[in-house]
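Visitor: This is the structure I have questions about; it appears just below.
The values are calculated or read from the model by the stated rules, or taken from the named source; none is laboratory data. For clarity, every value in this text was computed on a predicted model and none was experimentally measured. Cβ atoms come from the backbone with ideal geometry, glycine included; neighbour counts cover every protein chain shown. Surface accessibility is based on the protein's heavy atoms, side chains included, excluding ligands, DNA and RNA. Shrake-Rupley method; radii C 1.70, N 1.55, O 1.52, S 1.80 Å.
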Amino acid sequence: MSIKENISEIMVNIPDDVTLIAVSKTKSVEQITEAYHCGIRDFGENKVQELIEKIDVLPKDIRWHLIGHLQRNKVKYIVGKVELIHSLDSVRLLQEIENQYKKNECVVNALIQINIGNEDSKTGVDYEELEELLKACQGCESVKIKGLMAIIPICTEEECKIYFHKMKTIFDSISSRNLPNIEMKYLSMGMTDDYKIAIQEGSNMVRVGTGIFGERYKIINAGGVEKCVQR
Ligand SMILES: *Cc1c(COP(=O)(O)O)cnc(C)c1O
């Protein structure tokens, strides 16, 4: 299946009010360009270095989403370049984003990432940290909170539903509190294997990589390829 065919097939499953982000990490400029020519304007990357290299050479009307863990020392490189940071996961990171954007008289939209599966290996805040982070966000001028993001554990369809449902509940509950500087507009959840379930459970922003561009591989040694599970 070509990128074009993949996109057409996915578009059928995505209502107009849901944003499709094509996750292009590890994929080439040519592949991204192909998706761009199919009308895709939202692309997701998880590494700052790779992101800025691609921004430099690809069309200026692309909306770039930073979906991977953001290290504080990398924040300065993305100022003014991304549409949405999906991975706000600590007060310390928030402060660095606020400082860097303020210094450059820029504003950025961000989503709070929730570690909904309580996994040690995953980034994102737990319930306690969420309250602390929400509090800190209310005092920011250069970071605008626009919703929540989650990467759920690998699980069965039934379990997926439960995680997505939990996210929607948190999303609605924050929304009803009408906190200053915190708007619950985007709920970013759902990837290739589960985006349809995520949409059913209230997601309005899905991040699809493999389903559009095919599997991600990395070459590990001469002649050998390994499926790149990390990325
Ligand atoms: C890689 C990645 C995706 C896309 O995963 P696929 O299973 O290839 O669709 C979505 N979200 C995040 C945060 C990712 O790192």
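Visitor: Please list, in chain and number order, the residues 5+ apart from Leu88 or on another chain whose amide H is under 5 Å from its amide H, with Hs placed from the backbone.
Guide: Correct list: Leu111, Gln113.
Visitor: While we're on this one: With the dipole of the chain worked out from charges on the C-beta (+1 for Lys and Arg, -1 for Asp and Glu) around the Cα centre, which of Ser24, Cys160, Asn104 lies farthest toward the positive end?
Guide: Result: Asn104.
Visitor: For the pairs Lys144/Lys168; Lys102/Lys168; Lys81/Lys135; Lys25/Lys102; Lys25/Lys196; Lys54/Lys161, flag any whose C-alpha to C-alpha distance is greater than 23 Å.
Guide: Lys102/Lys168; Lys81/Lys135; Lys25/Lys102; Lys54/Lys161
Visitor: Among DSSP bridges having both ends in the chain, what percentage is antiparallel? Round to the nearest 5.
Guide: Antiparallel bridges: around 10 percent, rounded to the nearest 5.
Visitor: Let me ask something else. Only four residue types carry charge here, +1 at the Cβ of Lys and Arg and -1 at the Cβ of Asp and Glu. Report the dipole size of region 1-67 about the Cα centre in Debye, rounded to the nearest 20.
Guide: So the magnitude is around 160 debye.
Visitor: How many percent of the accessible area of region 43-173 is carbon or sulfur, using a 1.4 Å probe?
Guide: 47 percent
Visitor: What full-extension length gain, to one decimal in nm, is calculated for Gln49 and Gln31 as 0.36 nm per residue of separation minus the Cα-Cα distance?
Guide: That works out to 4.7 nm of additional length.
Visitor: Tally Lys/Arg at +1 and Asp/Glu at -1 over every other residue whose Cβ is under 13 Å from the Cβ of Asp42; what's the total?
Guide: That sum, taken over residues with Cβ under 13 Å, equals 0.
Visitor: Moving on to the next point. Excluding residues on the same chain fewer than 8 positions from Lys60, give the aspartates and glutamates whose Cα lies under 19 Å from its Cα.
Guide: Partners found: Glu30, Glu34, Asp42, Glu45, Glu50, Glu83.
Visitor: If you take every residue apart from Glu128 with its C-beta less than 15 Å away from the C-beta of Glu128, what net charge results, scoring Lys and Arg +1 and Asp and Glu -1?
Guide: Net of charged neighbours comes to -4.
Visitor: In whole Hz and in residue order, list the ³J(HN,Hα) couplings for region 143-159 that follow from phi through the Karplus curve 6.51 cos²θ - 1.76 cosθ + 1.60, θ = phi - 60°; x for Gly and Pro.
Guide: 10, 10, 7, 10, x, 10, 9, 8, 10, 8, x, 5, 7, 6, 4, 4, 5
Visitor: Related question: Where only protein heavy atoms count, and the probe is 1.4 Å, what is the accessible area per residue for the chain in Å²?
Guide: That works out to 51 Å² for each residue.
Visitor: Tell me whether region 1-47 comes out rounded, prolate or oblate; compute the Cα gyration tensor, take square roots of the eigenvalues as a ≥ b ≥ c, and use a/c under 1.5 as the rounded threshold.
Guide: In terms of gyration-tensor shape, oblate.
Visitor: Okay, moving on. Taking Cα pairs under 8 Å and at least six residues apart, what relative contact order does the chain come out at, in percent?
Guide: 19 percent
Visitor: What size of dipole, in debye to the nearest 20, comes out for the chain about its Cα centre when the only charges are +1 on Lys and Arg C-beta atoms and -1 on Asp and Glu C-beta atoms?
Guide: 660 debye
Visitor: Also: Measuring from the lowest to the highest alpha carbon on each principal axis, how far does region 21-107 reach, largest first, in angstroms?
Guide: Rounded to whole Å, the extents work out to 38, 23, 18 Å.
Visitor: Quick one: which residues, 5 or more positions from Lys144 or on another chain, have an amide H under 5 Å from its amide H? H modelled 1.01 Å from N in the peptide plane, none for Pro or chain starts.
Guide: HN-HN under 5 Å from Lys144: Val108, Asn109, Ala110.
Visitor: Fully extended, how many nm does the chain gain between Asp17 and Lys185 (0.36 nm per residue separation, minus their Cα-Cα distance)?
Guide: Here the answer is 59.3 nm.
Visitor: Debye calculation, C-alpha points only, no solvent: report log10 I(q)/I(0) for the chain at q = 0.12 Å⁻¹, in the same order as the q values.
Guide: Ignoring solvent entirely, the Cα scatterers give -0.66.
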